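Notes follow once the structure below has been shown.
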Amino acid sequence: MGVFRFEEGSAKHPFFTLPENSLIVFGLIHQFGPISKTDLCNILQKKMTPINRMLQPLELHNFVIVHSKGDSTGGRKPMLYDINPHQHYLLGINFSTTYCEVALVNLRLETLAIERFQVDVATHPDSVVEKASALCYRFVQSENISMHQVLGVGVSVFSSFNESTGFICRPIKLYAHERWVEYPILQEVQKRIPLPVHIEKGTNAAALLEYVHGKGMHSKKMFYLLCAMNIRSAMLFEGKLINTAPNYEDAFGHMTIDYDGDRCDCGWYGCVAAYATIPAVVKAFLTGLKMGRTSSVQKPIETITFPDICDAVHTGDLLAREVIERSASMLGLALANYINLFAPELIILSGLIPQNCPLYYEIAVETAKKKVELLQVPTNIRFEQNGMYSTPITIGAAALILDQAFHLRPPLDYKSIDL
């Protein structure tokens, strides 16, 4: 999963030299904290002496602190341990097709600084990486911390990448500058920021974040779908990413749902992406206007954007509603196909479309449920409109550094771990 690379000497950071059992305790505190030593003993089925031994390096390097005192059960109030938010930090960079977003977070994954800037097909990747790196240094300086306190940089990309080289691969549909293809993203970031760097597909990073730290924390099998300029997906099963299409994270968007349907940008016909993406929604809306349909959107046709269509839906615009309903219905059909094949427990629909248009989410879920029920499959699947984090890909990128160190992800059978 992903590519992780250390700059020479960077592995000396105390976090990456912690004993495995201390990392497990850190993960428990991260998941359940504030938590007492007694509760740690109960979860791990260990006595107090080994728990103290596991906590010692975490306290020594200020990774965990005594947060507060818990309720007494008759004796002295127990000390509650939590992650220290003021000593060690993570950087996350999200290289998207239309913007780049950079965040500085603490070990609780709380955002201290975040900023994005726009990119387009004319923006050379070198300039994007340079600007993102400059933001990283500015955030560190503005928070009055040093780079020695930063564990590493998590990088999420809009495409797949070559795991042996770290170079970006071509997505099915390239919305960005052509020079991104085969661009050595990992090396270029580490050249400017000499810290441990982890690179992952953007949707994988967001899905891992929700599975480990968010709404998917207690799910065994979770499907994460990001609906925006394209349709990107990730599947997790028992803590592991299931990369059924390793070369294209937008492969779900090119599932054929109408053999004689609309032409997709990939060259084929009837793909999900030909109906359920932002470009498809805008295209369908403009086509309706050109055919004489009326709308409450009073703008020159060439300036109409997706947010304009979302606003029109909220005001009861008939054309806008029809376009969104058709788009979401097509996505729902594709979701039903996926449910019938893989039976996920949880499906999270994320991205700019569900975030800005609740109707899209509602119709997609309703359509998927109806189609599954026709095949007499129980629909005990939980659907969620967006995850717990408002910027999941960027924060998920930062969280990759933690996840790389753990090698373990909830849900865990802690009783079976040999400590």
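Charges at C-beta only: +1 for Lys and Arg, -1 for Asp and Glu. How large is the resulting dipole of the range 219-385 about its Cα centre, in Debye rounded to 20?
Value, rounded to 20: 160 debye.
To make sure I understand, if each residue's beta carbon is the centre and we count other beta carbons within 10 Å, what order do VAL281, VAL197 fall in, fewest to most?
Fewest to most other Cβ atoms nearby, the residues stand as VAL281, VAL197.
Which three extents, in angstrom, do the Cα atoms of the range 219-385 have along their principal axes, listed largest first?
Principal extents (largest minus smallest coordinate, Cα): 50, 32, 27 Å.
As I understand it, the dipole of the chain uses +1 on the Cβ of Lys and Arg and -1 on the Cβ of Asp and Glu, about the Cα centre. Which of MET255, MET229, VAL64 lies farthest toward its positive end?
VAL64
Listing HIS67, HIS198, HIS13 from the residue with the fewest other Cβ atoms within 10 Å to the one with the most, what is the order?
Exposure proxy ranking, most exposed first: HIS67, HIS13, HIS198.
Mind checking which of PHE117, ILE51, LEU331 is farthest towards the positive end of the chain's charge dipole, using Cβ charges of +1 (Lys, Arg) and -1 (Asp, Glu) about the Cα centre?
Going by the charge dipole, the pick is ILE51.
To make sure I understand the rule: partners must be aspartates and glutamates, Cα under 20 Å from the Cα of LYS290, and not fewer than 8 residues away in the same chain. Which ones qualify?
Partners within reach: ASP262, GLU302, ASP308, ASP311, ASP317, GLU322, GLU325.
Sorting check: for 175-182, 390-397, which peptide has the highest mean count of neighbouring beta carbons within 10 Å, and how do the rest follow?
Sorting 175-182, 390-397 by mean packing, highest first, produces 390-397, 175-182.
Could you give the spread of the C-alpha atoms of the range 205-299 along their three principal axes, from largest to smallest, in whole angstroms?
51, 30, 17
Please tell me which of these pairs span more than 32 angstrom C-alpha to C-alpha: LYS221/LYS283; LYS47/LYS201; LYS221/LYS371; LYS131/LYS220; LYS37/LYS220; LYS77/LYS221?
From LYS221/LYS283; LYS47/LYS201; LYS221/LYS371; LYS131/LYS220; LYS37/LYS220; LYS77/LYS221, over 32 Å: LYS221/LYS283; LYS47/LYS201; LYS131/LYS220; LYS77/LYS221.
Wrap a convex hull around the Cα atoms of the range 73-125, take a quarter of its surface area, and give that in square nanometres.
In nm², the orientation-averaged hull projection of the range 73-125 is 5.5.
Answer with one residue from TYR269, VAL155, VAL281: the one whose Cα lies farthest towards the positive end of the charge dipole of the chain, charges on Cβ with Lys, Arg +1 and Asp, Glu -1.
VAL155
Taking 1 over the mean of 1/r across every pair of different Cα atoms in the range 144-190, what Kirkwood radius in Å do you get?
12.2 Å
Report, in debye and to the nearest 20, how large the dipole of the chain comes out about its Cα centre when Lys and Arg carry +1 and Asp and Glu carry -1 on their Cβ.
840 debye
Could you give the distance between the Cα centres of the range 209-241 and the range 275-323, to the whole Å?
30 Å
Quick check of the Kirkwood formula: for the chain, what is the inverse mean of 1/r over all pairs of different Cα atoms, in Å?
Taking every pair of different Cα atoms in the chain, averaging 1/r and inverting gives 22.9 Å.
Assuming 1.306 mPa s and 10 °C, estimate D for the range 87-231 with Stokes-Einstein, Rh taken as the Kirkwood radius over Cα pairs, in µm²/s.
100 µm²/s
In whole angstrom, note down how far apart the Cα centers of the range 175-207 and the range 114-147 are.
Cα centroid to Cα centroid, the span is 13 Å.
Treating the beta-carbon of each Lys and Arg as +1 and of each Asp and Glu as -1, no other charges, what is the dipole magnitude of the range 186-235 about its Cα centre, to the nearest 20 debye?
Dipole magnitude for the range 186-235 comes out near 80 debye.
Taking every DSSP beta bridge that has both residues in the chain, what percent is antiparallel when rounded to the nearest 5?
65 percent
Taken together, the values in this text are just the output of simple stated rules run on the coordinates, not laboratory data. What you see is a predicted model; the values in this text were computed from it and never measured. FYI the Cβ positions are ideal-geometry reconstructions off the backbone, even for glycines, and counts take in every protein chain you see.
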